Each structure stands twice: as C-alpha cells, then as structure tokens.
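Asker: Dumping the structure here so I can ask a few things about it.
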Amino acid sequence: MAFSLGNLSLPNPGANGPIQQQPQLNISAGNLVNNVCGVLCPGRPVIIEWHQVESTKLITDLPNPGLISDLSFFLLPGATVPPNTAMALYYSVPPFQMWNILGSISDVTPSATFSTGWETNPDFGQASVVRLGVSIEPLDTITNLEQSKSIKTSQDRMDWGLKLAQDLYEFMGSYSQTTSFGEQLVVPANVLDRWMARFKAKYSRDPNFLLKNK
C-alpha cells in the first residue's frame, strides 16, 4: 500500500528498512525531489532538493561538514509522514558505506535541531563533503537507533572529559621538580591561565588534537 509525501508516492516503509550500507552513489542520477523535507545549517542556504535513490530513501551532499556544529531538519508544508513512522536523518562520510543517525522528525514533531559533533570528530578532519540520507522507517526502529546514539554520545562526552583532564595533568606535570622532599609539583600561580592559552592555541590549529593518539 502506497502513501504520499506531498507529490512523492512511496510504498510501505517497512518493506525496505533503514539505511545501512550503500555503494558510492552518483547523485546526479535518480529523481529530484524538492517537496518533502529540508535541512538548514547556520549561515548556509536551505537545502530542500534531494535525490531519490530508493522508494523511501533520499540523499544529498553537504560540503565542508567540519564547520557545521548544528543543523535543523524539517518537513516542508504539505508533507506528511504516515502514522507509526518517522523520517530519520542519517549522515555518511566517504566512501559512503556506513551511516549514522542524527535524529528524526514526524507529523507530531515536524522539525528538530541536532548537534552534529562533526567539529570534534576525527573522521571529518579530511572530509570535504558529508552525505545526508533520509529514510522513512517504523517508529520502533528509529527509537532503538536514537537510544543507541544517546548512549554513544554520553560515552563520547566522558571520553572527551577524561582526555581534557589528562591534558591538564600532563601540562602541570611539566612543572615537576626534584626537591629535598622528593618529586614535587612547583607550579606558578597562573598555571591554569597558561594551560588555557596553550589549549586554545592547539585547538585553533586542530580541533581534534585531544582525540589523537600521542
């Protein structure tokens, strides 16, 4: 049984499942769709034109993803999503084989803003483009994917905090001195100011420096 998103006729979403793996696609091929959904990145034009690659899947390419910290995803006026389904937004970096979910929208929540995490993701260090994928899927499927993403995001934040603490620890360790009382830290009163200045300088050169193995 088919349903309609604006003028786009799509079959039952359960027949195809979520985006998982795809070969690299030539996005000049396939039907152009511009009446379903859009993406807005701060400071950039709104994206509403997508290439249909399957009956329930759309893709488009987004340049310079490492500069994008947040983006908004929304249904266009007149577009609807069937009951018990949602529209998931995924991303993939070259060679476009693995997909990660950013979030989803539905008739109940027709717009949302997502934090991408791309600025501090080492996979985006050399990526000149990211591929966005849209897929109509059952709510249960999307809920499970978003819960898995939430767990991973929490762990990533923990890892980032631990690496930040380790960087401060190593910086203060550079002031270690051998005294008559043994090895001690003899730090200047402005040691935290010095560390912050060093951190900002390193971050401006490479936002991913903390994530790299030393």
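Asker: V81: net charge of surrounding residues, Cβ under 11 Å, Lys/Arg +1, Asp/Glu -1, itself excluded?
Answerer: -2
Asker: What is the sum of charges around P65, taking Lys and Arg as +1, Asp and Glu as -1, for the other residues whose C-beta is under 15 Å from the C-beta of P65?
Answerer: Result for the neighbourhood of P65: -2.
Asker: Moving on. Roughly what would the spin-label model give for V129 and Q166, points 7 Å off Cα along C-beta, in nm?
Answerer: Reported label-point gap for V129 and Q166 is 3.5 nm.
Asker: To the nearest 0.05, how large is the calculated FRET efficiency for L67 and D107 if R₀ is 22 Å and r is the Cβ-Cβ distance?
Answerer: In this case the efficiency is close to 0.10.
Asker: Let me ask you something else. Applying the Karplus parametrisation 6.51 cos²θ - 1.76 cosθ + 1.60 with θ = phi - 60° to the phi angles of region 61-72, what ³J(HN,Hα) value in whole Hz is obtained for each residue in order, glycine and proline being reported as x?
Answerer: 9, 10, x, 6, x, x, 9, 10, 9, 9, 8, 10
Asker: Order 188-198, 34-44 from most to least packed using the mean count of other Cβ atoms within 10 Å.
Answerer: Sorting 188-198, 34-44 by mean packing, highest first, produces 34-44, 188-198.
Asker: Continuing with this model, one more query. Counting each pair of different Cα atoms once, what's the Kirkwood radius of region 160-211 in Å, rounded to one decimal?
Answerer: Kirkwood hydrodynamic radius for region 160-211: 12.2 Å.
Asker: Go through 179-185, 63-69 and give me the packing order, highest mean Cβ count within 10 Å leading.
Answerer: Packing order, densest peptide first, comes out as 63-69, 179-185.
Asker: Express in nm, to one decimal, how much length is gained between E119 and N35 on full extension, taking 0.36 nm for each residue of separation and deducting their alpha carbon distance.
Answerer: Here the segment from E119 to N35 would lengthen by 27.2 nm.
Asker: To the nearest 0.05, what FRET efficiency results for D140 and T80 with a Förster distance of 22 Å applied to their C-beta separation?
Answerer: 0.65
Asker: If each of N190 and M158 carries a label point 7 Å out from its Cα toward its Cβ, how far apart are those two points in nm?
Answerer: About 3.8 nm separates the two model spin labels.
Each reported figure results from applying straightforward, stated rules to the coordinates on display, with no laboratory input. Not measured: the values here are computed from a predicted model. FYI the Cβ positions are ideal-geometry reconstructions off the backbone, even for glycines, and counts take in every protein chain you see.
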